[in-house]
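The next block holds one structure in the form of structure tokens; read it before the comments.
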Amino acid sequence: MLYAEPIQRLVEELTRLPGVGPKTAQRLAYHLVKAPKEEVEALARALVELRSKIRYCSVCGNLTEADPCRICSSDSRDASVLCVVEQPRDVVAMERTGEFKGRYHVLHGVISPANGVGPADLRIESLLQRVREQKVTEIILALNPNVEGEATSLYLARILKPAGVKVTRIAYGVPVGGDLEYADEVTLSRALEGRREL
Ligand SMILES: [Zn+2]
């Protein structure tokens, strides 16, 4: 064994995280050994609370502490406009622009035959249900500009239009293949303004 057992265990756990290789894990572990006890305990508590307190909003599918989430339960957010995104982190990207005043619907993925993901694996049925049951007038598709995002947008437009709802798609200033979460606020605001009907 390279390290004392507790260090070894932490290094192993850290290495499971995305973007953390053995060297980074080692650096973090040694940092934590030297850090004040309270800081390390606060980190441990934050990790435990993350899993025990965070859940998915039963309405929009975003991550939340309270169900329904803050956005779904806010009277100041326009319930007639829904922005459809792939992941909870995309909601954060859109919220950062401060431009969007409607509500969200998180699909939790995109249609991807290569990865065995079909429409039934995504939160599409609940989207149709919201359109049917609430007074939704516009659906803004804000999926990532890649082949799968494209295919999913077209699929959604096809099944949503018969429900009599306007379906638009955000314009992209970001290069095709880029991720929504990496687009800056200004780019994303313009993309929202420049949305086009599908
Ligand atoms: Zn919600």
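Brief remarks on what is shown
- In degrees, nearest ten, helix 5-15 long axis to first principal axis of the chain (Cα): 20
- Within straight-line cross-link reach of K34, lysines at Cα separation under 22 Å, skipping those fewer than 8 residues along the same chain: K23
- Dipole of the chain, positive direction: furthest Cα of A93, G118, S80, with charges on the beta-carbon: S80
- Heavy atoms of the protein chains alone define the surface here; on that basis region 121-195 has 51 Å² accessible area per residue at 1.4 Å probe size.
- Whole-Å semi-axes of the ellipsoid equivalent to region 1-61 (Cα gyration tensor, √5λ, descending): 27, 15, 9
- Surface accessible to a 1.4 Å probe, E95 within the full protein complex, Å²: 60
- Against the main long axis of the alpha-carbon atoms of the chain, helix 88-97 sits at an angle near 70°.
- Rounded accessible area of S52 (nearest 10 Å², 1.4 Å probe): 90
- Of every Cα-Cα pair in region 34-114, the percent that sits beyond 21 Å: 42
- Considering region 72-159 at the alpha-carbon level, its Rg and Dmax are found to be 12.9, 41 Å.
- Counted residue by residue at 0.36 nm each, then reduced by the alpha carbon distance between them, the extension gain from Y30 to Y3 reaches 8.7 nm.
- Where a label projected 7 Å from the Cα of E125 along Cα→Cβ would reach, residues of region 40-58 with amide N under 17 Å: 58
- Taking I159, I124 and ordering them by how much accessible surface each has at a 1.4 Å probe, largest first, produces I159, I124.
- Principal-axis analysis of the Cα atoms of the chain puts helix 147-160 at an angle of about 40° to the longest axis.
- Of all the options G98, G149, G116, the one that moves most in a Gaussian network model of the chain with Cα springs shorter than 10 angstrom is G116.
- Mean residue ellipticity, 222 nm, helices only, the chain: the sum of -39500 (n - 2.57) across DSSP H runs of n ≥ 4, divided by residue count and rounded to 500, is -13000 deg cm²/dmol.
- Shape box of the chain [Cα atoms, principal axes, largest first, Å]: 64, 36, 34
- One quarter of the convex hull surface built on the alpha carbon atoms of region 113-198 amounts to 6.0 nm², the projected area averaged over directions.
The values are calculated or read from the model by the stated rules, or taken from the named source; none is laboratory data. If you're wondering where the values come from, they're calculated on a predicted model, not measured in any experiment. For neighbour counting, all protein chains shown are included, and Cβ atoms are generated from backbone atoms with ideal geometry for every residue, glycine included. Accessible surface areas use protein heavy atoms only, side chains included; no ligands, DNA or RNA. Shrake-Rupley method; radii C 1.70, N 1.55, O 1.52, S 1.80 Å.
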